[in-house]
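Student: Got a structure for you, written out below as structure tokens; questions coming shortly.
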Amino acid sequence: MQFQRRHRKLGTNPQSELYVQPLQFYGEPPLENISLAEFETFAVERLKLLKTVENLGVSYVKHGSQYKLKMDNELRLLHFPYRPDTEKLSLCYPDFWKRRKDHISHFILRLAYCQTEDLRRWFIQQEVDLFRYRFTDLPPQQKLEFLHKNNLKYNTLSDKEKNELSDKLLMSSYSVSGVTVEKLEFYKVPFQDALDLVRSRKVYLKAGFAFVPQQDIVTIVLNDFRTRLSKALALTARSLPAVHSDERLHPLLNHLSHAYLGQDYSIQKNVGKISLEQIDSVRKSFPLCMRQLHQALRENHHLRHGGRMQYGLFLKGIGISLEQALQFWRSEFIRGKVDADKFDKAYAYGIRHMYGKEGKRADYTPYSCMKVILSNPPSQGDHHGCPFRHSDPELLKQKLQFYKVSPSSITQILELVKGMHFQLACQKYFEVTHNVEDSSFSLSHPNQYFIESQKVLGGGKDPKREVDVPQKVQETPQHLAETSEDLEALFKDG
Amino acid sequence: MSYSDYDPACLPDLLPLYYRRLFPFSQYYRWLNYGGVQKNYFQNREFSFTLKDDIYVRYQSFSTQNELEKEMQKMNPYKIDIGAVYSHRPNQHNTVKSGSFQALEKELVFDIDMTDYDDVRTCCSAADICSKCWTLMTIAIHILDRALREDFGFQHLLWVYSGRRGVHCWVCDEAARKLSAAGRSAVAEYLSLVKGGEETVKKVVLTDPIHPFISASLEVVEKYFLEYAVQEQDILGRKECVDKVLALVPEDILFFLKSQGTVKKGQHFEKEIMLQYCYPRLDVNVSKGVNHLLKSPFSVHPKTGDYALNEQKGELLRKSGKFSFFKLKHFFFFFFSFC
């Protein structure tokens with residue numbers, strides 16, 4: 001084995017082979033000893049990185065120039081590996097160290113994020129996005145090396161098969177041209193291994209196989225990465241009790257897993273703050289998505305499941321109690337086609353479920369912007385979702401006009417929507433409707449919109465933003481209060 | 001289609017007869033047992049019953065066909081749902097260590113509901129259906145059946161009338177039953193073309209290149225479009241309907257058409273209009289979850305008295321989408337087989 005000068009010190013590390021490539025599947029856990037301080041720093045920095053990945057993912061088009069710029073910046077600042085060629089130029093922080101940090105920090109966060117379905121989903125999503133970013137950047141030769149090293153062996157189509165299917169292949173993907181069919185490889189992948197391509201219909205399917213062009217192999221790799229990580233997290237969860245018994249680690253891991261949520265607005269102390277009668281008067285503080293739902297409810301005296309969840313949880317977040325919620329929904333539905341009896345049988349259960357009084361008694365948190373934008377798109381008959389994301393631009397324009405937004409502001413908002421900056425568009429809408437030059441917050445949650453709006457309309461009563469500590473963290477011992485504050489501070493601005 | 005000769009009030013009298021004389025227990029068991037290849041496959045299957053007075057019981061499970069029969073004849077459920085095959089017997093799920101009780105497998109299912117087409121049909125709305133709008137189901141079945149077989153390679157499909165206003169498809173292949181939630185949602189999205197809620201006027205947007213799946217689906221739609229949309233639904237008959245159609249045509253095309261009567265290449269608005277009116281509208285949420293419960297074939301619909309029965313694919317195609325509804329009272333037995 002060859003050792004370069006700067007690696008000599010670490011030549012004894014049996015895993016240095018792993019760090020030869022800039023990217024890895026995290027198949028093997030790190031075996032060395034590290035200090036508690038390093039453990040903590042690595043974990044916190046990777047979490048920062050993943051938080052950035054999350055935010056950039058909604059604010060910018062993925063892999064657009066802005067996205068790349070900011071990602072590179074963040075990777076560089078936090079000393080994580082990013083571009084293989086420019087890395088060699090950095091003298092003070094050798095690749096080896098960065099890759100080692102990458103390796104170790106990933107496994108530490110696995111410990112923190114394996115415990116619940118929600119945590120796992122979040123962690124996997126960000127790791128996949130990060131991996132996608134770094135893999136796409138690899139030069140073709142390194143991509144091929146990576147594939148072979150990680151056992152992704154699929155059959156390729158013969159020339160004869162390619163000829164027979166050439167017009168179907170051509171029509172199945174924008175990236176496939178006559179030249180590509182002739183010159184490049186097509187992999188025959190079982191459709192279960194190419195779900196991203198199947199979902200967006202970017203690949204030709206026949207008899208259960210997806211015919212993936214060479215350049216799209218990244219999605220297959222991602223799928224594999226996602227599956228492996230998912231399985232690994234399930235395994236990790238099982239060995240968690242042993243880890244938790246270590247008192248040095250337990251508190252830190254707890255903080256890490258709660259920090260990602262930031263503010264979740266499921267605060268108990270808000271209960272009763274807003275009463276039913278006040279709903280119509282505080283409606284000005286509703287973000288557009290909730291105004292839309294409220295209006296649809298008043299007009300049709302009904303909302304479908306998606307709408308009930310999104311609006312119902314939002315109302316819970318602003319302080320409507322369970323009894324009031326039941327009263328509110330019932331009074332509205334009764335005016336429609338539902339009689340009181342049917343309401344009690346069919347809909348009341350759902351509302352109590354929302355407040356954690358039924359079933360598995362989970363106290364559901366109001367949906368963040370991310371959730372509203374990305375999951376459960378509305379279909380026929382639905383009014384939920386994010387108007388900036390899900391409404392036709394024409395209809396959105398009309399709606400904005402109805403709320404007396406000036407034409408120049410409407411144009412600005414529509415531009416932001418076109419660029420897929422939905423939360424920024426909503427923020428602009430906030431600024432225009434509240435007559436403020438610059439909203440001092442970074443919008444990530446409808447309830448946040450409500451609180452900020454109430455502040456402005458109420459004459460700015462709250463001098464600083466409330467830091468709402470999720471209940472579990474309140475159990476932490478005193479000496480770690482500082483760490484928790486630091487972590488909270490990290491994620492305040494989202 | 002009038003249902004005036006069916007009275008929901010007689011259900012309590014008719015159900016026991018139905019469960020004693022008509023319900024095909026042995027074929028039902030044979031289906032869900034899947035040849036007994038996997039151990040405890042039938043025993044770990046969840047059923048749920050809706051009983052009189054809307055009492056709903058989940059996590060029902062049975063050891064043998066006989067036990068199933070006895071229980072159903074005793075409880076006379078108004079509605080039966082089939083759920084997933086779990087890691088343990090569902091009726092013992094409370095004794096299992098928390099977190100270990102998991103839904104493992106289930107058929108891949110699709111639900112097409114006529115109410116989702118309300119914005120594009122003029123003959124009926126909500127839960128009503130008639131022979132004019134039933135063509136939509138015919139189109140849906142043709143398109144989905146082809147795609148599931150030819151694109152995804154599935155072979156064992158069971159198409160069922162849901163009992164009131166739509167159809168369900170049960171894909172029973174082993175690969176389908178073992179499919180993950182992500183896999184199910186990917187398949188459902190591949191099959192979805194009509195997107196958008198109340199706030200979206202134009203629900204189908206096509207861009208080049210047109211995927212072979214879309215082309216194949218269009219072939220089916222084109223076959224039925226004239227008969228369905230123009231004749232049966234009369235979408236050009238009244239001004240308001242015409243306006244709805246025109247709302248889907250891009251502005252520059254409208255202008256062009258008005259002035260010259262020809263159309264430039266590369267626009268797909270005619271295809272988009274046809275698809276918006278006719279392409280199947282799936283409820284993706286039904287297909288996504290491994291543990292999602294769906295109304296069982298041969299379950300009676302309490303409001304119509306019709307039971308969710310199998311549509312022998314050949315029969316349906318030959319009758320060109322005309323479908324006759326059987327009333328419980330007449331004790332018709334509908335011959336069925338797996339496709």
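Student: Can you pull out the helices (runs of 4 or more DSSP H) entirely within the stretch A:405-494 that have at least 2 residues that are at pLDDT 80 or above and buried (at least 19 other Cβ atoms within 10 Å of the Cβ)?
Tutor: Once the helices (runs of 4 or more DSSP H) in the stretch A:405-494 are filtered for at least 2 residues that are at pLDDT 80 or above and buried (at least 19 other Cβ atoms within 10 Å of the Cβ), what remains is A:407-418, A:422-434, A:446-457.
Student: So, one more: Within the set of pairs 6 or more residues apart or between chains, which connect a residue that is within 12 Å of chain B (Cβ to nearest Cβ) inside the stretch A:392-406 to a residue that is charged (D, E, K, R) with Cβ atoms less than 6 Å apart?
Tutor: From residues that are within 12 Å of chain B (Cβ to nearest Cβ), the pairs are A:Leu395/B:Glu199.
Student: Quick test of your reading of the structure: A:His258 fulfils all but one of (1) over 21 Å from the mean Cα position of the chain (by Cα); (2) at pLDDT below 75; (3) crowded, with 16+ Cβ neighbours inside 10 Å; (4) farther than 29 Å from A:Pro387 by Cβ. Name the failing condition by number.
Tutor: The number of the failed condition is (1).
Student: Then there's this: Let me confirm something: among A:Lys284, A:Lys357, A:Lys371, which residue is touching a residue at least 24 places away in the same chain (Cβ under 8 Å), away from chain B (no Cβ under 14 Å), charged (D, E, K, R) and in a helix (DSSP H, G or I)?
Tutor: Just a single option satisfies the conditions, and that option is A:Lys284.
Student: For the list (1) part of a helix (DSSP H, G or I); (2) more than 27 Å from the chain's Cα centre (by Cα), I need the number of the one condition that A:Asp196 fails.
Tutor: All conditions pass for A:Asp196, except number (2).
Student: Before we move on, is A:Asp363 surrounded by fewer than 21 Cβ atoms within 10 Å (Cβ to Cβ), more than 10 Å from chain B (Cβ to nearest Cβ) and among the acidic types (Asp, Glu)?
Tutor: Yes, satisfied.
Student: A follow-up question, please. For residues that are part of a loop (DSSP other than H, G, I, E, B) and more than 7 Å from chain B (Cβ to nearest Cβ), scanning just the stretch A:201-218, find the one that is surrounded by the fewest Cβ atoms within 10 Å (Cβ to Cβ).
Tutor: Ranking the qualifying residues of the stretch A:201-218, first place goes to A:Lys202.
Student: Which residue out of B:Leu136, B:Leu148 is crowded, with 18+ Cβ neighbours inside 10 Å, within 14 Å of chain A (Cβ to nearest Cβ), under 14 Å from the mean Cα position of the chain (by Cα) and free of Cβ contacts under 8 Å to residues at least 60 places away in the same chain?
Tutor: It is B:Leu148.
Student: Continuing with the same structure: Restricting the stretch B:237-288 to residues that are among the charged types (D, E, K, R) and surrounded by 16 or more Cβ atoms within 10 Å (Cβ to Cβ), which is modelled with the lowest pLDDT?
Tutor: B:Lys244
Student: Also, quick follow-up: Step by step: first the residues of the stretch A:150-176, then only those that are basic (Lys, Arg) and surrounded by 14 or more Cβ atoms within 10 Å (Cβ to Cβ), then the one that is farthest from B:Asp208 (Cα to Cα). Which residue is that?
Tutor: Among those residues, the one meeting the criterion is A:Lys162.
Student: Right, next: Hey, any hits in the stretch B:291-312 for a residue that's modelled with pLDDT under 55 and surrounded by fewer than 19 Cβ atoms within 10 Å (Cβ to Cβ)?
Tutor: yes
Student: Consider A:Phe388 against the criteria (1) within 14 Å of chain B (Cβ to nearest Cβ); (2) in a loop (DSSP other than H, G, I, E, B); (3) farther than 24 Å from B:Asp116 by Cβ; (4) in contact (Cβ under 8 Å) with a residue 12 or more places away in the chain: it satisfies all of them except one. Which criterion is unmet?
Tutor: (2)
Student: Could you count how many residues in the stretch B:176-215 are hydrophobic (A, V, I, L, M, F, W, C), more than 7 Å from every other protein chain (Cβ to nearest Cβ), surrounded by fewer than 18 Cβ atoms within 10 Å (Cβ to Cβ) and more than 20 Å from the chain's Cα centre (by Cα)?
Tutor: Total satisfying the criteria: 2.
Student: Right, here's the next one. State which residue is nearest to B:Leu193 (Cα to Cα) when the search covers only the stretch B:269-288 and only residues that are within 13 Å of chain A (Cβ to nearest Cβ) and aliphatic (A, V, I, L, M).
Tutor: B:Leu282
Student: Evaluate the stretch A:331-340: report whether one residue or more is assigned to a helix (DSSP H, G or I) and under 23 Å from A:Phe450 (Cα atoms).
Tutor: yes
Student: Given A:Val198, A:Val221, which one is of a type outside the set (Ser, Thr, Tyr), more than 18 Å from A:Lys162 (Cβ to Cβ), away from chain B (no Cβ under 12 Å) and out of contact with any Pro (no Cβ under 7 Å at 6 or more places or on another chain)?
Tutor: A:Val221
Student: To continue, here is another question. If you check A:Val181 against the conditions, is it farther than 20 Å from B:Tyr190 by Cα and within 14 Å of chain B (Cβ to nearest Cβ)?
Tutor: yes
Student: Look through A:Leu184, A:Leu138 and report the one residue that is aliphatic (A, V, I, L, M), at pLDDT 75 or above and in contact with a strand residue (DSSP E or B) (Cβ under 8 Å, 6 or more places away or on another chain).
Tutor: Step by step, each of A:Leu184, A:Leu138 is checked, and only A:Leu184 is aliphatic (A, V, I, L, M), at pLDDT 75 or above and in contact with a strand residue (DSSP E or B) (Cβ under 8 Å, 6 or more places away or on another chain).
Student: In the stretch A:8-47, what residues are surrounded by 16 or more Cβ atoms within 10 Å (Cβ to Cβ), at pLDDT below 85 and assigned to a helix (DSSP H, G or I)?
Tutor: Hits for the stretch A:8-47 are A:Leu10, A:Ser16, A:Leu18, A:Tyr19.
Student: State all residues of the stretch B:39-54 that are over 15 Å from B:Leu68 (Cα atoms) and either of a type in the set (D, E, K, R) or without any contact (Cβ under 8 Å) to a residue 12 or more places away in the chain (or both); if no residue qualifies, say none.
Tutor: B:Lys39, B:Lys52, B:Asp53, B:Asp54
The values are calculated or read from the model by the stated rules, or taken from the named source; none is laboratory data. Bear in mind the structure is a predicted one, so any value in this text is a computation, not a measurement. No Cβ is skipped: glycine too gets one built from the backbone with ideal geometry, and neighbour counts run over all protein chains shown.
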